[in-house]
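Reading through the structure tokens given below for one structure.
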Amino acid sequence: MLNLDTHVLLHALGGGLTASERALLSRDVWGISAIVLWEICKLQQLERIELDLEDADVTRLLARIHTWPLTWDVCRESCRLDVRGDPADELIAATSIVHGAPLVTRDRQLRRSKRIPFPS
């Protein structure tokens, strides 16, 4: 299972994936950290995305994606990362470490980590 960060998930929903991202995501099951759902709501509230969160298709799609909860282990791991970033991104990255799920992200800061698993 892959762990998608917020922006990759939004690109997947909006058709903005690169060819390599499309190929990667087509080969595996998707998962997200619970914080991704919060980030999507905040981005919509701040009018930084135009996703209709009340749309039945969007709701059904998000409901089908495995969602890992924010647990004590994830929170502790987020404080042990070898890179720093946005707190939500740190929780998403820590989710990958705790659950052994490769993180799909475009975030250059996170990609510098030696601890976060990434797709090969």
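Taken together, the values in this text are just the output of simple stated rules run on the coordinates, not laboratory data. Remember, predicted model here, so these are calculated numbers, not experimental data. So basically every Cβ, Gly included, is an ideal-geometry build from the backbone, and we count neighbours across all protein chains shown.
A crude spin-label estimate for the pair ARG76 and GLN109, with each label 7 Å from Cα along the Cβ direction, gives 2.5 nm.
The mean sequence distance of close C-alpha pairs (under 8 Å, at least 6 residues apart), as a share of the length of the chain, puts its relative contact order at 32 percent.
Counting beta carbons within 10 Å around each of ASP55, ASP28 and listing the fewest first gives the order ASP55, ASP28. Here the Gaussian network model covers the chain, with springs between Cα atoms less than 10 Å apart; of LEU110, LEU51, LEU61, LEU61 fluctuates the most. The C-alpha atoms of the range 2-107 occupy a region whose extents along the principal axes are 36, 31, 22 Å, arranged from largest to smallest.
Rounded to the nearest whole Hz, the Karplus-based 3J(HN,Hα) values (6.51 cos²θ - 1.76 cosθ + 1.60, θ = phi - 60°) of the range 10-27 follow the sequence 5, 5, 5, 5, x, x, x, 6, 6, 4, 5, 5, 4, 4, 4, 5, 6, 9, with x at glycine and proline. Multiplying the residue separation of LEU53 and ASP86 by 0.36 nm and removing their Cα-Cα distance gives an extension gain of 9.6 nm.
What's the exposure ranking of SER120, SER26, going from fewest to most Cβ atoms within 10 Å?
On the way: SER120 4, SER26 8.
Ranked by crowding around the Cβ, least crowded first: SER120, SER26.
Shown is the FRET efficiency for ALA63 and ALA19, computed with R0 = 22 Å from the Cβ-Cβ distance and rounded to the nearest 0.05: 0.20.
Counting other Cβ atoms within 10 Å as a rough exposure proxy, the listed residues ASP82, ASP5, ASP73, ASP107 run ASP82, ASP73, ASP107, ASP5 from fewest neighbours to most.
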